[in-house]
Amino acid sequence: MNTLEQLSQAVASGKGNDAKTLSQRALDEEICPSDIIDRALTPAMASVGERFRKNLIFVPEMLIAARAMKEAMSLLEPHFVSAGIVPKYTAVIGSVQGDLHDIGKNLVAIMWKGADFRIIDLGVNVPPAKFAAAVREHRPQLVGLSALLTTTLPAMVETVRILRAEIDRPVRIMIGGAPVTQQFADEIGADGYAPNAGVAVERAHALVG
Ligand code: B1M
């Protein structure tokens, strides 16, 4: 098994220390950090989700795998962020109310940080009013909403509605997460949708540029 395959297996089985060691080994082998995410870490979480769906594992195993993924990401994050550069734009980001999933949201935040954005990360389970308050306080050009559950899509709809109703300055809204589609973004009046963190960077620049 090569390093990326071993890393994927370590994350899927929730071995945080191994995940960190193998991420470092992958970097030492000069594998680019976004390839490490796309070819090892993300597929690991997809396989965890698949096993959960088939009732082969349960919530605790998903949680442990998520922790292992975060260990690996903590090692990779500095490779995405350019030190000492004052960001040109500000973005507020969070997982919508009721949603505790944050790995995808964190990945988007890391990539935006490396792409000229100061990030105000509101975390998970963020009520619409908290997004609106953060927009008033930090005056971002962009707001990012993440949702991983079909049951939290209504909270995304409500957050977009409240931002449109209460914020009287131009702010672009991007949405994403596994159940989200371009069609849904169009229907609820979001300005943009991205299927993954890489595309989220391109679309963010298109929206604020
Ligand atoms: Co949960 N969970 N989970 N879970 N979980 C899913 C999402 C699920 C698909 C698993 C399954 O059944 N196959 C399923 C949802 C089904 C549905 O609604 N259709 C599910 C469920 C049911 C649940 C619970 C209800 C389980 C329960 O309690 N019975 C529960 C809900 C808790 C809650 O939120 N209220 C729950 C809990 C959890 C844990 C807490 C244990 C853990 C999360 C830990 C954490 O995030 N800190 C967890 C995990 C780990 C998963 C899976 C396995 C992995 C998610 C992940 O991190 N993926 C997931 C299965 C799966 O995704 N296949 C699953 C990797 C990540 C890189 O991808 O988040 O999709 P993703 O992000 C991508 C894109 O979507 C996009 O870019 C990212 C990077 O490329 N993107 C954006 C995301 N946000 C974006 C924002 C943007 C743009 C792009 O712009 C702003």
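So the values come out like this:
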read-out: Full-stretch length increase - residue 100, residue 77 - with 0.36 nm per residue and alpha-carbon distance subtracted; value: 6.2 nm
read-out: Rounded FRET efficiency, nearest 0.05, which uses the C-beta distance separating residue 137 from residue 17 and R0 of 45 Å; value: 0.70
read-out: Prolate/oblate/rounded call for the chain, Cα gyration tensor, a/c under 1.5 rounded; value: oblate
read-out: C-alpha long axis of helix 197-208 to longest principal axis of the chain, angle in °; value: 20
read-out: Cβ-placed point charges (K, R +1; D, E -1), dipole of the chain about Cα centre in debye, nearest 20; value: 400
read-out: Coil-residue chymotrypsin sites (Phe, Trp or Tyr not before Pro) of the stretch 1-87, DSSP, other Cβ within 10 Å capped at 14; value: 58
read-out: Residue of 69, 45, 156 that the Gaussian network model of the chain assigns the largest fluctuation, springs spanning Cα pairs under 10 Å; value: 45
read-out: Efficiency of FRET between residue 118 and residue 149 - r from beta-carbon atoms, R0 35 angstrom, step 0.05; value: 0.80
read-out: Isotropic mean projected area of the C-alpha convex hull, the stretch 1-119 (nm²); value: 8.0
read-out: Rounded to 5, percent antiparallel among DSSP beta bridges of the chain; value: 0
read-out: Positive-end residue, the chain charge dipole about Cα centroid, Cβ charges, pick of 40, 60, 6; value: 60
read-out: Per DSSP, loop GluC sites (Glu not before Pro) in the stretch 7-91 with at most 12 further Cβ within 10 Å; value: 29, 30
read-out: Under-5 Å amide H pairs with residue 120, H placed in peptide plane, nonlocal only; value: 91, 92, 93
read-out: DSSP-loop trypsin sites (Lys or Arg not before Pro) across the stretch 1-93, with at most 13 other Cβ within 10 angstrom; value: 54, 88
read-out: Label zone at residue 167, where the point sits 7 Å out along the Cα-to-Cβ direction: the stretch 101-118 residues whose backbone N lies under 20 Å; value: 105-118
read-out: Å² per residue, accessible surface of the chain at 1.4 Å; value: 50
read-out: Tilt relative to the chain, helix 42-53 - C-alpha long axis, 0 to 90 degrees, to 10; value: 90
read-out: Angle between the chain longest axis and helix 103-113 axis [Cα atoms, degrees, rounded to 10]; value: 70
read-out: Of all accessible heavy-atom area on the chain, the percent that carbon and sulfur account for (1.4 Å); value: 54
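The values are calculated or read from the model by the stated rules, or taken from the named source; none is laboratory data. Computed from a predicted model, the values in this text were never measured in an experiment. Cβ atoms come from the backbone with ideal geometry, glycine included; neighbour counts cover every protein chain shown. Just the protein is used for accessible areas: all its heavy atoms, side chains included, with ligands, DNA and RNA removed. Shrake-Rupley method; radii C 1.70, N 1.55, O 1.52, S 1.80 Å.
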